[in-house]
1. List the residue pairs whose Cβ atoms are under 6 Å apart, where the first residue sits in region 234-248 and is in contact (Cβ under 8 Å) with a residue 60 or more places away in the chain, the second is open to solvent by less than 30 Å² (accessible area, probe 1.4 Å) and in a helix (DSSP H, G or I), and the two are 6 or more positions apart or on different chains.
2. Looking at (1) open to solvent by less than 20 Å² (accessible area, probe 1.4 Å); (2) of a type in the set (Asp, Glu); (3) farther than 19 Å from Ala118 by Cβ, which is the one condition that is false for Glu385?
3. Can you report the number of residues in region 362-391 which are under 28 Å from Asp292 (Cα atoms) and in contact with an Asp or Glu (Cβ under 8 Å, 6 or more places away or on another chain)?
4. If you take the residues in region 263-282 that are among the polar types (S, T, N, Q) and assigned to a loop (DSSP other than H, G, I, E, B), which one is surrounded by the most Cβ atoms within 10 Å (Cβ to Cβ)?
5. Filter region 342-372 down to residues that are out of contact with any Gly (no Cβ under 8 Å at 6 or more places or on another chain) and away from the ligand (no atom under 16 Å from the Cβ), then give me how many there are.
6. Condition test on Arg158, is it at pLDDT below 95, part of a loop (DSSP other than H, G, I, E, B) and within 21 Å of the chain's Cα centre (by Cα)?
7. Considering only region 153-165, I want to know if a residue exists there that is under 30 Å from Trp12 (Cα atoms) and touching a residue at least 60 places away in the same chain (Cβ under 8 Å).
8. From the set of residues in region 126-153 that are open to solvent by less than 40 Å² (accessible area, probe 1.4 Å) and not hydrophobic (A, V, I, L, M, F, W, C), which is nearest to Glu50 (Cα to Cα)?
Amino acid sequence: MTNVTIDGERLWSTLMETAEIGGTPKGGIRRLTLSEEDRRVRDWFRQACEAAGCTVTVDGVGNMFARRPGRNDALPPICMGSHLDTQPTGGKFDGCLGVLAGLEVLRSLQAIGYETNAPIELVNWTNEEGARFTPAMMASAAFAGVFTTDYVLSRQDRDGVAFADALDAIGYRGDRPVGGRPLSAMFELHIEQGPILEREEKLIGVVTGVQAIRWFELTVTGAAAHAGSTPMPARRDALVGAARAILAVEAVAQANGPLAVGTVGILECRPGSTNVVPGEVFLTIDLRHPDDATLDRMETDLRTRLAEALGGLDFACERIWLSPAVHFDPTLVGLVRDAAESLGLPHRDIVSGPGHDAAYIARVAPTTMIFVPCRDGISHNEAEETSFAQCAAGAQVLLNAVLAFDQTLEG
Ligand SMILES: [Zn+2]
């Protein structure tokens with residue numbers, strides 16, 4: 001085994017330095033994908049990777065690849081990485097930790113002139129969050145061949161700006177083809193974004209897979225009417241119907257507990273006037289479960305309950321995204337477990353609740369993830385917090401797992 005050691009101080013100061021790009025007064029980050037802040041952090045990332053001895057290339061949807069050559073450069077690269085975009089009021093660790101810990105691995109290898117068998121590539125995936133352009137993780141999905149490049153480029157944000165135009169505006173439409181090349185492996189370090197590791201006082205989550213996710217858009221149509229002169233029996237109030245629909249989503253998740261979750265995260269009420277009965281409501285539904293078959297039944301249940309909840313109103317419920325349950329590569333999962341074990345770090349196996357870029361890459365390459373705790377399980381929030389020691393532990397496990405895998409390849 002190897003005894004290359006990462007520099008926890010350097011990792012931490014890098015996390016704090018880049019957190020200032022789009023930094024918010026409450027200590028979080030607002031770095032929406034393809035924004036000016038995203039351009040600035042990308043420029044920073046490119047320079048830092050070049051300084052660490054890498055060549056940086058960009059593909060047609062803005063994914064960035066920093067490549068450190070290996071002894072046998074013909075081998076497909078071993079990849080590490082995550083994302084540098086954030087939610088509108090995001091934290092300092094979601095995504096950033098995976099990219100910057102990967103950078104710390106590269107810097108540590110460079111510092112001692114360590115030569116790997118395979119080339120190593122550090123990836124910054126575009127638009128993991130899906131906060132500005134939906135769906136989330138579309139650029140890693142395109143790399144994996146799940147979406148076409150044209151589909152990604154044509155997506156629009158809520159102001160009608162096309163992804164392609166936003167990408168061009170920040171100068172990050174690269175000339176590399178999107179995907180279509182083999183990877184030896186993909187490792188993504190990420191904060192857990194849930195409370196399990198902290199509650200059990202584990203430092204490392206050995207991630208065995210990602211639960212299945214389905215997104216829906218629900219439009220409820222009633223009739224806008226005067227709030228003063230329309231008697232209650234004569235109303236077709238879309239928002240009252242939507243309220244029952246939201247409770248139906250909650251009921252579906254409750255009925256499939258404890259692992260099922262269901263969320264309504266966006267609600268738009270039209271026309272949005274104090275004295276007008278709402279005529280139309282748009283809302284989103286996010287349903288998840290580790291098991292595909294259970295999620296199937298949850299969708300059927302949801303549709304039945306929506307029909308009951310929305311009786312008397314018109315509605316359309318469209319499934320806009322589906323991500324099947326993911327099972328990570330057993331060899332890589334084992335290497336992460338071994339790394340945590342040999343470093344003496346308390347660990348447990350865990351299934352990811354959130355989706356991640358790694359879930360798409362798992363379709364085209366051996367892939368796994370490493371989790372570290374975050375305080376109170378809070379994420380997608382400016383208060384997100386992972387300690388110095390937790391970040392350093394995750395980065396060290398990442399380095400050890402990558403090098404252990406590299407030693408299984410022919411130099
Ligand atoms: Zn993330």
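1. Arg244/Ala309; Ala245/Leu306; Ala245/Ala309; Ala248/Leu306; Ala248/Ala309
2. The number of the failed condition is (1).
3. Adding up the residues that qualify gives 14.
4. Ser273
5. The total comes to 7.
6. When the stated conditions are applied, Arg158 passes them.
7. No, region 153-165 contains no residue that is under 30 Å from Trp12 (Cα atoms) and touching a residue at least 60 places away in the same chain (Cβ under 8 Å).
8. Thr126
The values are calculated or read from the model by the stated rules, or taken from the named source; none is laboratory data. Given the structure is predicted, the values throughout are model-derived calculations rather than measurements. As a convention, Cβ positions derive from the backbone with ideal geometry for all residues, glycine included, and neighbour counts pool all protein chains shown. The accessibility values were calculated without ligands, DNA or RNA, using every heavy atom of the protein model including side chains. Shrake-Rupley method; radii C 1.70, N 1.55, O 1.52, S 1.80 Å.
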